[in-house]
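Values in this text are rule-based calculations from the coordinates and carry no lab data. Nothing here was measured: the structure is a model prediction, and the numbers come from that model. So basically every Cβ, Gly included, is an ideal-geometry build from the backbone, and we count neighbours across all protein chains shown.
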Amino acid sequence: MIQQKRLRKSVSLTVTQSKKLHELSEFDGLDPVEHVNRAIDEYLVKQKRDFVAPKEKDIAARINERSPDVKVKGAMWIGGVVDKYAFSALVLKIPAKLAIENGHISKLSIWDPEVMESTGSFIGSCIVNYDRGWDIKPSKIAEPYFNRVISLLSQKEDIKPKTKEAV
């Protein structure tokens, strides 16, 4: 016998959904939980499982802008593009405890500009958001993009503030 995995998450139904579920159960005599399980199974069968996240080395990324942070001496705001996503990061000169992995990146957002434009929600369009702590951790799908941005930002020549002589 295969043991089923139990999830600790609960699903909240609206009053209407709950009422219809009980009506359906009264009609066919099945337990309401059986209907929910069947609906979940049907949903999962319809999902596309053939999606393969791109490899980090195949993801194009570039830095578009750098500007010094006015509040933190030596820190730089860096913006750019990773594949179809945009990103913005606050990179510190000195590693910090509240940065990603106690490193130099204090803030990092990676978002889909099309979703942001259509919804008007910045957080709703983010696939990754770190602001001195994780708001949205990278999912398995977002992880290659996150790793590519981290790799790009870790290149020392890209995060150093440009001096007037270099400009």
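At a Förster radius of 22 Å, what calculated FRET efficiency corresponds to the Cβ-Cβ distance of VAL72 and SER139, to the nearest 0.05?
Efficiency, from the Cβ-Cβ distance: 0.15.
Report the normalised scattering of the stretch 89-130 as log10 I(q)/I(0) at q = 0.34 Å⁻¹, calculated by the Debye formula with identical scatterers on the alpha carbons.
Computed log10 I(q)/I(0) values: -1.03.
How about the stretch 31-93: which chymotrypsin sites (Phe, Trp or Tyr not before Pro) there are in a DSSP loop, with at most 10 other Cβ atoms within 10 Å of their Cβ?
PHE51
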